[in-house]
Amino acid sequence: MRKKGGGDGRFPAFPYEPYSIQVDFMSALYSSLERGGISMLESPTGTGKTLSIICSALQWLVDQKEKQKSKVKVGSDKNGAESVSNPGSDDEPDWMRNFVHSTENQGEDKKKEKFGVGFGKKGERRKGESNRDLLSRDGKRGNGECSGEFISESAEKERFQTMKRCEKMQSGKGAVESNDDEFLLEEYESEEEESISGVRSKRKVGGVSVSSSSDEDEAAKGSDEEEEEGLKIYFCSRTHSQLSQFVKELRKTAFADEINAVCLGSRKNFCINEEVLKLGNSTRINERCLELQKKKKNDVSKIKNLGAGRVRRTKAVSGCPMLRKHKLQRQFKEQLSQRGALDIEELVNLGSSLGTCPYYGARSMVPAADLVVLPYQSLLSKSSRESLGLNLKNNVVIIDEAHNLADSLISMYDAKVTLSQLEDVHCHLEMYLERFFNLLGPGNRRYIQTLMVITRAFMGALNEKNRDNLDTPDNADNLPAGKITIASSMAINDFLFTLNIDNINFVKLQHYLKESNIIHKVCGYGNRMATLQASSTFNDSASCGEDMSTLSNFRAFADMLLSLTNKNADGRIIVSKAKKTLSGRQGGYIKFVMLTGEKIFSEIADQAHAVILAGGTLQPIEETRERLFPWLSSEMLDFFSCSHIVPPESILPVAVSRGPSGRVLDFSYSTRSSLATIEELGLLLCNLISVVPEGIVVFFSSFEYEEKVYNAWKVSGILDRMQKKKCVFREPRKNTDVESVLQKYKESINNLAQCNSVDAAPQNGALFFAIVGGKVSEGINFSDGMGRCIVMVGLPYPNPSDIELMERVKHIEGLGDGNAISNLSLSNDELYVGDVQAGFNILRSCGHRGKEYYENLCFKAINQSIGRAIRHADDYAAILLVDKRYASDPLRRSNPCPTDRLPKWIKDSLVPRTNNYGEVHRLLHQFFKFNKSRGGHKNK
């Protein structure tokens, strides 16, 4: 056990006597923060990485703030108060002087905005431009612009049909009913082409320009307080549980009482409004929350004069009962300031006790915070950063669990819309236009008609009848019913040309969606009509809005339109068609898959003083560099890696190639489903149960394969043999059920004599069947008895029939070589039909880069899974790599072995080859006997 309170002299806040590798890691991180720029720091899981990050980064933060204070004080003593506003000196780092300067500028900008000063006069808008600004004659695709005329034939046909319906409808109504007035769009006028990047609305109300902001900004209103922002550290990780663990580690240090820290999270994790929580789905919770911000207590609006002929419309009181009393929000902030760092659960409890929203309460603490702890999405997504008001300029960003950062980052910018969603959106647009056609201005009518043209084109691409134009492969009849999915991929431009919508200006259209509030108007009117008249009025579209959230559908559609403004080479469009499901709905969808993360990451790196990528297994780093920051040469990249804290005798990694009956263990795609292979694996586990104490965690490549193996063992009786010695637990598919299953697994280990089976003999622990890439493999710690042995079944390569994966493989193959993609065997119009042959053809056609990426995906997953064991210096565990492909003969090796990609601390102790299972059993027996005798089972 390490001595508490014996921190290193350079990092006195470290609560224990640090190991040498922890001191090295903290020193490397401190130096990286001093230099600035991008750095990668690798420390194996279980080495106290989180605590090391906290003590090093916050020590640097405190040191910088002290330097800043001393500079200000010296300047004040020399030059008086005038020098306080310019505290920099020649020997002060440029980034610190820039930070002080930018903070002052921000303060001035806020004052100008608050008092209406500094708004430049806009150019006069051309009258009637709203009818013409949807097309861009001179624009070019690739920078988000479209060229050509508006779709004359489609639009005119749509307009003619709509006008006929409207004439019939309007003859009976004449004017908008008073109760529908709230859904009528305000007059919309577009700016000049070059003004589209402006951030304020172009709606006109009462003859003056009214500025508006996003839904998030609207929701965040309620207080005009301004707080000065200082130097910050943003720490982000993948899951909310990892963020809570970070806060717990922070409390172990002296920094918990010295710095202001705040933890952010999703609405679903923070919300205390029971009516909203009942919705369950994260998207619906977000929508309902934002909707409540728009429904104010008395529907009373306040007009705030910003000067220069501009006003801001704000609402008086929030519609959510948890945000109505601003006094409670102030109390929340006061208590949070007094109590120090709280994790998500504690913030929720605080909000519940006060009866006020912890989500917005935590957000309000960001400006004054020194440390902001938040999930990936909140920091890495530009729209999320903007809505939360996060300022990265000259601040520090630390991204933990960065082993799959590139894929995680680009996946945030994917967009997907299904056929049923498109049908719902089109139905509501059509219904809205019929109702308000004669009351809408020409600009609004033209934009709505354009949206309907696009939805109709999208639906046409997914329509079942279009399957007749596609060649069905010879083996389609042999595939399971309902599993035949025909999908094709194409570039953005090809997609638009194919649908004959390449001449629409999607930038202007996206701007209209953002500024006109059309989504909420259309959804609101649809909900009103559905409530009042049910489906009787809309017999021709009975499915309109049925069992789905129309607002969610509109957002999915809007996200897809936004994705079409990307450069042609930034991503690919996947068009997937499927047979009708049992419910009668088609499973077709259109999806944009982002492929490049360079631009996305540069938006973070260019602003921040330093960006730190931390993780347990970051190598190979060259792939991450090429995909996220290729402008930084390998020689200039700051990379640090340290070994594990456990001694070699505390770990036993073994490559197992044969089972107890002598059968070769081969879990490659073609042989893993054979009953003989599955039975041999079962016999192996039955033998392991007798020699491994406490808990064994077995990792399978997928839920489907685990279920197949489990059912086979159940039929053969092997499962009963296992349960006589150890309780068997399985990772549930639903993440919400994982905690309860893990708790039962832990209890069964702690209470070895107890057993769920009535007639079973006393048991000696438990088995846990987990899934590579599941929740258990990504963030659960199997320390001590919970993970005495980790069994990795096969090599969990990703499914090569995944068309999105293969598009990434092709893209990475082409990095640095523009001709590489064209050499691959998959053409733009080739189809995937539920099997893996097309994917294997691509992989065989790839050169080094594509295959390397595919291999790395597999071993990153392996390294992440086996890293769940060995969580501290006194821990010990065996790691069995079960597959003949892991085995190698060091004396006869000519080709690289898969185990070369294992972490160094595992690879150095690896037993690369065994002739039979008897050798494995003997090694395990000796290993556990030795560690038990030396007391290694005790906690630190």
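Quick look at the values:
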{"read-out": "Interatomic Cα distance distribution for the range 312-407, bins of 5 angstrom, percent", "value": "2, 11, 20, 19, 19, 15, 8, 4, 1, 0"}
{"read-out": "Residues of the range 642-660 with amide N under 13 Å of a point placed 7 Å along Cα→Cβ from LEU683", "value": "658-660"}
{"read-out": "Computed log₁₀ I(q)/I(0) - Debye formula, equal Cα scatterers, no solvent, the range 597-675, q 0.14, 0.23 Å⁻¹", "value": "-0.75, -1.12"}
{"read-out": "Nearest-0.05 FRET efficiency for LYS599 and LYS248, computed from C-beta distance (R0 41 Å)", "value": "0.70"}
{"read-out": "Bins of 5 Å from zero: percent of alpha-carbon pairs in the range 834-891", "value": "4, 13, 14, 17, 19, 15, 8, 5, 4, 1"}
{"read-out": "Label-to-label distance, nm, for residues given as GLN743 and SER411 (7 Å Cα→Cβ offset)", "value": "2.8 nm"}
{"read-out": "Expected-Rg normalisation [2.2 N^0.38 Å, Cα atoms] applied to the range 32-71", "value": "1.41"}
{"read-out": "Simple spin-label estimate for SER661 and ASN463 in nanometres, 7 Å along Cα-Cβ", "value": "5.7 nm"}
{"read-out": "Entries in LYS268/LYS714; LYS416/LYS521; LYS591/LYS775; LYS746/LYS884 that, when Cα-Cα distance is taken, lie over 29 Å", "value": "LYS268/LYS714; LYS746/LYS884"}
{"read-out": "Cα→Cβ-extended label distance, 7 Å offset, between GLU258 and GLU346, nm", "value": "1.8 nm"}
{"read-out": "Per residue, in Å², the accessible surface of the range 351-466 once ligands and nucleic acids are set aside, probe 1.4 Å", "value": "25 Å²"}
{"read-out": "Charge tally in the Cβ shell below 12 Å around ILE410, where Lys, Arg are +1 and Asp, Glu are -1, ILE410 excluded", "value": "-2"}
{"read-out": "FRET efficiency estimate (nearest 0.05) - Cβ-Cβ, GLN338 to ASP802, R0 45 angstrom", "value": "0.35"}
{"read-out": "Packing-based ranking, highest mean first, of 513-523, 339-349, 916-926 given that Cβ atoms within 10 Å are counted", "value": "513-523, 339-349, 916-926"}
{"read-out": "R0 of 60 Å, Cβ-Cβ distance ASN750-ARG284: FRET efficiency to nearest 0.05", "value": "0.95"}
{"read-out": "Quotient of C-alpha Rg and 2.2 N^0.38 Å, computed over the range 378-449", "value": "1.79"}
{"read-out": "Extension gain (nm, one decimal) between GLU182 and ARG922, 0.36 nm per residue minus Cα-Cα", "value": "258.6 nm"}
{"read-out": "Gain on full stretching of the segment that runs from LYS65 to ARG913 - 0.36 nm per residue minus C-alpha separation", "value": "299.8 nm"}
{"read-out": "Extended-chain gain in nm, criterion 0.36 nm per residue less alpha-carbon gap, ILE621 and ASN438", "value": "59.9 nm"}
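The values are calculated or read from the model by the stated rules, or taken from the named source; none is laboratory data. Remember, predicted model here, so these are calculated numbers, not experimental data. No Cβ is skipped: glycine too gets one built from the backbone with ideal geometry, and neighbour counts run over all protein chains shown. Side chains are part of the model used for accessible areas, which takes the heavy atoms of the whole protein and leaves out ligands, DNA and RNA. Shrake-Rupley method; radii C 1.70, N 1.55, O 1.52, S 1.80 Å.
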